[in-house]
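Visitor: One structure follows; several queries about it will come next.
Taken together, the values in this text are just the output of simple stated rules run on the coordinates, not laboratory data. Since we're looking at a predicted model, the values are computed, not measured. Virtual Cβ from ideal backbone geometry, glycine too; neighbours counted across all protein chains shown.
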């Protein structure tokens, strides 16, 4: 099990360990914020720590480790980093819109009112592509 | 020396990720509303994915990378479907 550890040089082990620790620490801080922050709109910011540099650090550490262990470039882990970076804003935007829609329909206080902007919203009656 | 560094770093990283998963589980159990639970489930998916990446480095096996990729994809689809359900009351319109 520890055979692969002995094959990597010392600089790669230190670099990989530093990136892995950075990623895990940021994921922990993000989850702590998710558990501790007060309102949903505060909490929705916290897990982005885990999905940006948390995942980035773990992926970097894994890439460095496997590249040094296999003595050839191993970069397929970057798929995870790219995928997480692309999908997180989409999911959190949809979740935030769902939350604000639910809060508005419940008439909860502290929700900003609907502003008639130049962008046609889905509730407009003269929606063109209806 | 490098064996010790990697073992200590991986142990600490996996412990941190386990504590992070516990925090997400707490938020998912407490709520208070449905969107908080969905957000906590999303965070739990991400933490499980990172846990699998750390486990792949620990065992030196690239098989766990594919499992982590699948968890990431399923987590994205699940969160989008749940957010859609919270907004509309149905998933496919």
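Visitor: Determine Rg/Rh for chain B; Rg is computed over alpha-carbon atoms and Rh is the Kirkwood hydrodynamic estimate from the same atoms.
Guide: My calculation puts Rg/Rh at 1.10.
Visitor: Can you give the relative contact order of chain A as a percent, counting alpha carbon pairs under 8 Å and 6+ residues apart?
Guide: Relative contact order comes out at 23 percent.
Visitor: How large, in Å, is the range A:5-129 by the Kirkwood hydrodynamic radius built from its alpha-carbon pairs?
Guide: 17.6 Å
Visitor: Any idea what angle helix A:55-70 forms with the longest principal axis of chain A, computed on alpha-carbon atoms, 0 to 90 degrees, nearest 10?
Guide: 20 degrees
Visitor: I would also like to ask the following. Sorting A:101, A:5 on the 10 Å Cβ count, fewest up front, what's the list?
Guide: A:101, A:5
Visitor: While we're here: Can you tell me the orientation of helix A:78-105 relative to chain A, as the angle in degrees between its alpha-carbon axis and the longest Cα principal axis, to the nearest 10?
Guide: 20 degrees
Visitor: Suppose only helical runs count, i.e. DSSP H with n ≥ 4. What mean residue ellipticity at 222 nm does that imply for the protein assembly as shown under -39500 (n - 2.57) per run, divided by all residues and rounded to the nearest 500 deg cm²/dmol?
Guide: Estimated from H runs of four or more residues: -25000 deg cm²/dmol.
Visitor: Inverting the mean 1/r over all pairs of different Cα atoms, compute the Kirkwood radius of the range A:1-66 and quote it in Å.
Guide: Hydrodynamic radius (Kirkwood, Cα only) of the range A:1-66 equals 12.8 Å.
Visitor: Based solely on C-alpha atoms, express the radius of gyration and the Dmax of the protein assembly as shown in angstrom.
Guide: Answer for the protein assembly as shown, Rg first and Dmax second: 20.0, 69 Å.
Visitor: Calculate how steeply helix B:63-88 sits against the longest principal axis of the alpha-carbon atoms of chain B, using the helix alpha-carbon long axis, and give the answer as 0 to 90 degrees to the nearest 10.
Guide: Approximately 20 degrees, to the nearest 10.
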